[in-house]
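Just below is one structure, and these are the notes that go with it.
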């Protein structure tokens, strides 16, 4: 006689095994979908969560559950970011032949990976599951989303809405599955049992993803450093820094963590930042703020994505009315200067440098501590300075005259791929520099046909050059 096992009695391994089996069965049903069927699915998935009335409900629910960020930021992400991501990929060809390289006589064919295991952070739990899900389904994959426990109800709401939309389109609901009662053990099991991991979250979780034995796409630590040079439009720069620093109360890892001002415009720019709601702390307030933001060397989660007024109250700082972010003068970097690191709060470090060369040096010093490979930015009207910074920094993205947090993952005013997963290359311990999209979630078969004319290896003189040949001939 077969003994029935309740959900409560399932081990994490068995529970995830059952979810993966369901997910794999659903994926098999769309493996041969046409491009039109795939695109109809992802349109329906986004509409289900972003349509008027629903987006507002999700935004408020997310704030209520997580107590992170604010309604305006959450609404922008679920309503606008999801639409922008859909727009970004909807016309991409992701089924069948992707490319034909006539010169090399190679055809590239898209194939699904299978089951994507996705990690969703508590700081962006509203749009992350949607964006990861449509990238997965665009590649004819299924997806299982492991949320942060702090956002499990938000994740369930969003996944359920997408599942209903998928069923309405005649496809299996299990193309999208959320883990309703998340735990570290279940997340680790998902990473072991899925076909590819898409990890967005804390450093420990990304490290675990890379250690799982499953091919993983992870992201590095964010700690964006923004330079303002003497050629910049200072009013524009101040407003965009404000936007980036306060968007969703700095829940994004792309929020401006340090701003570097060249000497010529330092005083003027500080005044403009103050006019935009920045509050420059004095030495005593800096000490109070430091002891509030970090406890025993670790970021105090109670300050993450909270209003400036709440942080000021916790720190015992008398914050003037109308001030929405803190500006902390700093000179050093590294563990002894924690303000040089990622803060996930409406707090930014401020540095004064002589010129663009010192700004580049300071950027590299700060990001050698945290954030190397992620992103930096510059407000400048000098192409020479922009390219000098881009060439000399160890970064995957340089955002020019744009609010960092709203831009480096793609926005309507730039050509960056829309995503919430930012690869940081070898600098950040990642396998890719990409703004990760559906193209990273497929396999590609290369079909190679013989060339019309076989290639011929040129003469040694043409291939190596006369100088090289003579140099080594003399060396004997």
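Would you check if residue 180 is in contact with a helix residue (DSSP H, G or I) (Cβ under 7 Å, 6 or more places away or on another chain) and either in contact (Cβ under 8 Å) with a residue 60 or more places away in the chain or surrounded by fewer than 24 Cβ atoms within 10 Å (Cβ to Cβ) (or both)? Here the answer is yes, as residue 180 does meet what is asked.
The one condition from (1) surrounded by fewer than 24 Cβ atoms within 10 Å (Cβ to Cβ); (2) touching a helix residue (DSSP H, G or I) at 6+ places or on another chain (Cβ under 7 Å) that residue 131 does not meet is (1).
Residues considered: 463, 451, 422. Of these, the only one that is out of contact with any helix residue (DSSP H, G or I) (no Cβ under 6 Å at 6 or more places or on another chain) and either under 20 Å from residue 120 (Cβ atoms) or in the same structural domain as residue 207 (by TED's automatic domain parsing) (or both) is 422. Of the listed requirements (1) out of contact with any helix residue (DSSP H, G or I) (no Cβ under 8 Å at 6 or more places or on another chain); (2) surrounded by 13 or more Cβ atoms within 10 Å (Cβ to Cβ); (3) modelled with pLDDT under 95, residue 9 misses just one: (2). Residues in the range 431-454 that are in a loop (DSSP other than H, G, I, E, B), farther than 23 Å from residue 92 by Cβ and in contact (Cβ under 8 Å) with a residue 40 or more places away in the chain: 449, 450, 451, 452. A single member of 261, 217 is surrounded by fewer than 24 Cβ atoms within 10 Å (Cβ to Cβ), in contact with a helix residue (DSSP H, G or I) (Cβ under 7 Å, 6 or more places away or on another chain) and on the phi < 0 side of the Ramachandran plot, and it is 217.
Considering the conditions (1) in contact with a strand residue (DSSP E or B) (Cβ under 9 Å, 6 or more places away or on another chain); (2) modelled with pLDDT under 95, residue 204 is excluded by exactly one of them, (1). Of the residues examined, residue 363 is one that is assigned by TED's automatic domain parsing to the domain that holds residue 279, at pLDDT 95 or above and buried (at least 18 other Cβ atoms within 10 Å of the Cβ). Pairing residues of the range 40-52 that are in the same structural domain as residue 165 (by TED's automatic domain parsing) with residues that are not in a helix (DSSP H, G or I), at Cβ distances under 7 Å and at least 6 apart in sequence or on separate chains, gives 40/169; 41/169; 41/171; 44/169. Apart from one condition, residue 91 fits all of (1) assigned to a loop (DSSP other than H, G, I, E, B); (2) surrounded by fewer than 17 Cβ atoms within 10 Å (Cβ to Cβ); (3) touching a residue at least 24 places away in the same chain (Cβ under 8 Å); the exception is (3).
The residues of the range 386-401 that are outside any strand (DSSP E or B) and either touching a strand residue (DSSP E or B) at 6+ places or on another chain (Cβ under 7 Å) or outside the structural domain of residue 353 (by TED's automatic domain parsing) (or both), listed by number, are 386, 389, 390, 393, 394, 396, 401.
The values are calculated or read from the model by the stated rules, or taken from the named source; none is laboratory data. Computed from a prediction, not measured in an experiment: that's the story for all the values here. Every residue, glycine among them, receives a Cβ derived from its backbone with ideal geometry; neighbour counts consider all protein chains shown.
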